[in-house]
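To start, the structure under review is shown below, and the notes come after it.
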Amino acid sequence: MTRRTALMGCAALLAAGCRAEAREAPPKRAVSAWPVGIAGLDQLPAVTPAAVYVATSSGEVYALHPRTGAARWRTRVPDEPGAAAIAWQSTPLPVGDLLVVGNGRGRPAFDSDNPSQVVALRASDGRVAWTADVDDYAHELLAADGLILCRTNSTLYAVDPASGRQRWRWPSGDLRAMSLAGRTVLVTERLPQGEQVVAVEARTGRRSWTARFPTVFVDWVYASGDLLVLAGYPVPGERAYALAVLAAGTGKKVWSRAPDQVSGFAAVSGGVLYTADRTRLRALSVAGGSEAWSLPLPEPAVNPMIAVDDDTVFCAMPVRRANGLYPLRALRKGDGRIRWTCDLRGAATVLTRVVPGIVHVQMSEGGRDSVVALDARGGEELWSARIDDAGQLIFGNGLLYVFGQHLIALDPATGTRL
């Protein structure tokens, strides 16, 4: 989708020195550039104390001032003569004094000798430190055990962050996702029927174990101590979902079940999995699968949004009640009893509990998006901000960044735009 490119704000101006007898002028505040409107904002930004880094689908990378949104630098890796245009594919990855981004031009077989790349930029000024060719679109980047890991559609690469030299390469067939559990990389690989999760040692690229799931596609994986919790939805022709816990060191199943549905949203906290099947929200022991408590859903087969606090589980139901509003419930973590219930004007699309005392909800109301802050103790609305095309909520530097068609920074306590 084509989006307008907003002019980036200027840097802070300092008051010039005055004559000794003159009163010193106070420094002027930096001009805010929020909301930042940059074309091609398709990937999540990386938020650090030094900058907010944004990579666009057209191959540009920006370093934005974390509080004003003003551009500190902007760069683009030059396209080689005759090469297909660069299209960035990954969220920027800060590693030490570098910013690493994966781009994509397509497979060399399709685009002659124009491979995709992993590109390291100097975080201070955006200049290219090194590039490393990869065989296909560089979708995901992780930093693990002193290396940079890159997943393409077909291969997992490990690159030395100091030089860009390839340390190892793990070829496979159809890689769908990767995540990190300690020093182990978990790669989801598509099979002719179903999928498998492969554990690869980050330092050496050696395969540790493989867990096959021939009847489901893996939807999500969470780490919980030395256990892995995962769920999958059925492949065509199958009906049962999968919910399983594996030993992280061996991949062996600790327990599993085949429910009639598993929610696409879940949370793991304190050795307990909070998720939903077709009829109920359930709190399950990760270690053994026993149920601590459950709560009926207002309608079958809904996908509630779930967030967990120290002693509370927050659950937003995407079901419109008779009053035209959508319920959000706060439940006691130990027994599932309802602490409070409030009604939202729209269906929640993001629910997060990061700032002490506040629950932030992103919701869609009649085709328009809003961010709402609720008091975590009683559910009272603290503030609401209408934000068009909001996609994700990201916390950092004491701010709430709303990422979507634009990038906006808010005070999480008041909702004030910076």
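Return yes or no: is Thr341 within 22 Å of Asp309 (Cα to Cα), open to solvent by 10 Å² or more (accessible area, probe 1.4 Å), of a type in the set (S, T, N, Q) and within 21 Å of the chain's Cα centre (by Cα)?
no
Looking at region 130-142 only, could you name the residues that are closer than 19 Å to Val54 by Cβ, part of a strand (DSSP E or B) and open to solvent by 50 Å² or more (accessible area, probe 1.4 Å)?
Glu140
Can you spot a residue in region 307-315 that is in a loop (DSSP other than H, G, I, E, B) and touching a strand residue (DSSP E or B) at 6+ places or on another chain (Cβ under 6 Å)?
no
Checking the structure you have, find out if any residue of region 74-87 is open to solvent by less than 50 Å² (accessible area, probe 1.4 Å), modelled with pLDDT under 85, among the charged types (D, E, K, R) and under 27 Å from His406 (Cα atoms).
Taking every residue of region 74-87 in turn, none turns out to be open to solvent by less than 50 Å² (accessible area, probe 1.4 Å), modelled with pLDDT under 85, among the charged types (D, E, K, R) and under 27 Å from His406 (Cα atoms).
Does Gly173 satisfy the condition of being in a loop (DSSP other than H, G, I, E, B) and either buried (at least 17 other Cβ atoms within 10 Å of the Cβ) or modelled with pLDDT of 95 or more (or both)?
No, not satisfied.
Yes/no matrix, rows are residues, columns are (1) at pLDDT 90 or above; (2) among the small types (Gly, Ala, Ser):
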{"position": "Val354", "(1), (2)": "no, no"}
{"position": "Gly357", "(1), (2)": "yes, yes"}
{"position": "Val371", "(1), (2)": "yes, no"}
{"position": "Glu380", "(1), (2)": "yes, no"}
{"position": "Trp383", "(1), (2)": "yes, no"}
{"position": "Gly396", "(1), (2)": "yes, yes"}
{"position": "Leu399", "(1), (2)": "yes, no"}
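State the number of residues belonging to region 361-378 that are open to solvent by less than 10 Å² (accessible area, probe 1.4 Å) and either farther than 11 Å from Ala316 by Cβ or of a type in the set (Val, Ile, Thr) (or both). Before the answer, list the steps.
Filtering region 361-378 for residues open to solvent by less than 10 Å² (accessible area, probe 1.4 Å) gives 361-363, 370-374.
If we keep only those that are either farther than 11 Å from Ala316 by Cβ or of a type in the set (Val, Ile, Thr) (or both) too, we end up with 361, 370-373.
Matching residues across region 361-378 total 5.
So, Leu149, is that one open to solvent by less than 20 Å² (accessible area, probe 1.4 Å), among the aliphatic types (A, V, I, L, M) and at pLDDT 95 or above or not?
It is true that Leu149 is open to solvent by less than 20 Å² (accessible area, probe 1.4 Å), among the aliphatic types (A, V, I, L, M) and at pLDDT 95 or above.
The values are calculated or read from the model by the stated rules, or taken from the named source; none is laboratory data. Being a predicted model, the structure only gives us computed values, none of them experimental. Every residue, glycine among them, receives a Cβ derived from its backbone with ideal geometry; neighbour counts consider all protein chains shown. Remember, those area values only see protein heavy atoms, side chains included, never the ligands or the DNA or RNA. Shrake-Rupley method; radii C 1.70, N 1.55, O 1.52, S 1.80 Å.
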